1. Using a Gaussian network model on the chain with a 10 Å cutoff between Cα atoms, which of 93, 20, 109 fluctuates the most?
2. Between 103, 133, 113, which gets the highest mean-square fluctuation from a Gaussian network model of the chain, Cα cutoff 10 Å?
3. Report, in listed order, any pair from 13/97; 51/101; 59/101 with a Cα-Cα distance greater than 30 Å.
4. Which entry in (1) 22.2, 67; (2) 16.6, 56; (3) 18.5, 56 matches Rg and Dmax of the Cα atoms in Å derived from the coordinates of this structure?
5. Any idea what angle helix 2-14 forms with the longest principal axis of the chain, computed on alpha-carbon atoms, 0 to 90 degrees, nearest 10?
6. At 222 nm, what helix-only mean residue ellipticity would the chain give, in deg cm²/dmol to the nearest 500, using -39500 (n - 2.57) for each DSSP H run of four or more?
7. Taking the Cα atoms only, what angle lies between the long axis of helix 34-59 and the longest principal axis of the chain, rounded to 10 degrees?
8. Determine the order of 15, 26, 138 by accessible area, beginning with the largest, at a probe radius of 1.4 Å.
Amino acid sequence: MLTLQSWLSFYEKNYEVMGRVTGRFYGEDGLPTPELTQAEAMITKGLEANKQELKEKQKFPPCNAEWSSTRGSRFWCSQRSGGVSRDWIGVPRKLFKPGAKEPHCVCVRTTGPPSDQTPDKPTHRNRGDLEHPSLEEYTGCPRLAARCSVPP
């Protein structure tokens, strides 16, 4: 649906509307059908999900990763890993998301208050997001290392 929205935006920006095609989205009278309303609601929901995903990616940027059959997996964080520029490097952690079959590697801030700290809980232990309940350390990796190797 978001791909359709992208095309629609392109055409609305670059072309003059000459009419409407009668069918699924517009009736004979030129008015929107319930299907168009439903499609627009799905697009709105998709745009909101994208916004939420971008917010999550800022909080937990994806790790850089590499895999080799002889060396196993290697994960590392940098100030630009996951395509997200930031002023911290972080450490690799497994992020478990509801409904996902497998966790994925994210970079986690190790200092300052938690990202989702609320004003009613102003005290923190200067551990960034390390205590987030959906995160898990990689077995055998140093707790605060920006790089982690997992053998095959």
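The values are calculated or read from the model by the stated rules, or taken from the named source; none is laboratory data. Values in this document were obtained by computation on a predicted structure and should not be read as measured data. Heads up: the accessible areas ignore ligands, DNA and RNA and are worked out on the full protein's heavy atoms, side chains in. Shrake-Rupley method; radii C 1.70, N 1.55, O 1.52, S 1.80 Å.
1. Highest fluctuation among the options: 20.
2. 133
3. The answer is 13/97.
4. Matching the structure shown: (1).
5. The helix 2-14 is inclined about 60 degrees to the chain.
6. -9000 deg cm²/dmol
7. 20 degrees
8. The ranking, largest first, comes out as 15, 26, 138.
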